[in-house]
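Just so it is clear, none of the values below were taken in a lab; they were calculated from the coordinates. Not measured: the values here are computed from a predicted model. Cβ coordinates were reconstructed from backbone atoms using ideal geometry, including for glycine residues, and neighbour counts include every protein chain displayed.
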Amino acid sequence: MRISTRPDALDDERLNLLKKHGVTTVELGVQSMDDNVLKKSGRGHSSDDTRFAVTLIKENWFKIGLQIMPGLPGDTAETILHTAHDVIALTPDFVRIYPTLVIKDTPLEKMFLSRTYKPWDLKDMILICKKVKTLFDEHKIPIIRIGLQTTEELRQNIIAGPFHPSFRQLLLSRTGADNMQSIKSLI
C-alpha cells in the first residue's frame, strides 16, 4: 500500500500510524527543489522540508517516491535540472514527472489569467523532460510515470500547458529520433 503527501506533512507519529496500517511506500509531492520556484508557486514547503521528510521516511524503512513538476512559476531549464540533481542525491526508489498544467479553478489558473504565469509549450517541455529522464536513467532511478494519467475530467479542466495524452511516448519518440541522428552522424 502506498500514500502520497506533502514533504511538510510528516513526522514520526504519522509515519508510525502509516506503518500500523500497512503502508509500505510514501510518495512526496516535491514539485521542485528550488525554493524560489516553490515560493512563487505557493507550494507552502521548502527544499529543506523535502530533505528532512526523505530522511525521516528512510529512517522508518518505507520505500520512497518523489514527484516533480517541471514548468512551475519561476522554473527555467537550469532550475529543473537542479531539481533533478537534488532528487538524485536523495536516492529515491522511484520518481514521477508531471509537467505543470494549468487546471481550472486553481491558483495557477489565476496566475495564468492575470498573465503572471506563462506555461511551457509542449516541445520545450519534452526537451527538458528528456534531459531529466536521461539523468534519472544514468543514476538507475526508475521513472514510474511521465505525464498525468488522462481522464475525461482532466481533459475538461485543462486550461493551458504542455498536455498530451501520451506525453511519455512523445518523449521516448524524441529520444529515439535524437539517437538515430547521433548514429547517422557517426556513419
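Which pairs in the list Lys19/Lys39; Lys19/Lys104; Lys39/Lys133; Lys40/Lys133 are over 28 Å apart, alpha-carbon to alpha-carbon? Cα-Cα > 28 Å for Lys19/Lys39; Lys19/Lys104; rest within. Relative contact order of the chain, taken over Cα pairs closer than 8 Å and 6 or more residues apart, is 19 percent. Reported to the nearest whole Å, the Cα centre-to-centre distance from the range 1-79 to the range 97-155 is 17. Contact order, relative form, for the range 16-85: 42 percent (alpha carbon pairs under 8 Å, 6 or more residues apart, mean separation divided by residue count). Using C-alpha pairs below 8 Å separated by at least 6 residues, the relative contact order for the range 1-51 is 41 percent.
For the chain, the residue among His21, Ile146, Leu81 whose Cα projects farthest onto the positive side of the dipole built from Cβ charges is Ile146. Across the options Ser47, Ser173, Phe62, the greatest Cα extent toward the positive end of the charge dipole of the chain (unit charges at beta carbon of Lys, Arg, Asp, Glu) belongs to Ser173. Summing Cβ point charges (Lys, Arg +1; Asp, Glu -1) relative to the Cα centre of the range 65-140 gives a dipole of roughly 220 debye. Here the chain carries DSSP beta bridges of which approximately 10% are antiparallel, counting only pairs with both residues inside. For the range 86-129, the list of trypsin sites (Lys or Arg not before Pro) that fall in a loop by DSSP and count at most 15 other C-beta atoms within 10 angstrom reads Lys104, Arg115.
Geometric descriptor of the chain, per residue, is 127 Å³ (volume of the convex hull of the Cα atoms).
Net charge near Leu113, counting Lys/Arg +1 and Asp/Glu -1 over other residues with Cβ under 12 Å of its Cβ? With Lys, Arg at +1 and Asp, Glu at -1, the net is +2.
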